[in-house]
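Notes to accompany the following structure.
What follows is calculated from the coordinates using simple rules that are stated; it is not laboratory data. Nothing here was measured: the structure is a model prediction, and the numbers come from that model. Because the Cβ atoms are built from the backbone with ideal geometry, glycine has one as well, and the counts that use them run over all protein chains shown.
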């Protein structure tokens, strides 16, 4: 079992294509590309941490339709576009675990959050995996240990959840 992370797919959100300079002609092409690239990386037995902003104006039926096509055990940390719905609502859509707040793995010094956390921007060994800012720069000066995993930064696919700041990087363990 491998562990992955990604953020801000914004399924069915037409305006994100222009806003984040995504190379797609329409939401159908965008959705299908993200799902295809996700499944090329995440296997059926793998875990993927989604760092928010699943779908703008989400309905349960639309989210279920997308998630049913995607592999693995799915953990969601709610993003600003996800907070209109409860944790239970997101679990009913197909997420296995849902969190309202950042998640910290103390053994591997990994912080998972929707938005970059300035207080973790340069702490020794801690990696703050986050989304939210898409292709934009950080709005705080010290961010060496922040890792932007918005899909625009990861070729529209999840990346391995490994802390690059440890002397001996270990895969994130639940």
Bins of 10 Å from zero: percent of alpha-carbon pairs in the range 57-98: 30, 63, 7
Reciprocal of mean inverse Cα separation for the range 3-160 (Kirkwood radius, Å): 15.6
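Find how much the distance from residue 135 to residue 56 grows on full extension, using 0.36 nm per residue of separation minus their present alpha carbon separation; answer in nm with one decimal.
26.7 nm
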Cα centroid separation, the range 40-55 to the range 68-136 (Å): 11
Separation of the residue 123 and residue 19 label points, Cα + 7 Å toward Cβ, nm: 2.9
110, 34 arranged by Cβ crowding within 10 Å, fewest neighbours leading: 34, 110
Backbone N within the range 67-92 under 19 Å of label point (7 Å from residue 40 Cα along the Cβ vector): 69-72
Rounded to 5, the percent of DSSP beta bridges in the range 3-160 classed as antiparallel: 20
Rel. contact order, % - alpha carbon contacts under 8 angstrom, at least six apart, the range 3-160: 26
Packing-based ranking, highest mean first, of 152-165, 135-148 given that Cβ atoms within 10 Å are counted: 152-165, 135-148
Structure-based [θ]222 nm, the chain - -39500 (n - 2.57) summed over DSSP H runs of at least 4, per residue, nearest 500: -6000 deg cm²/dmol
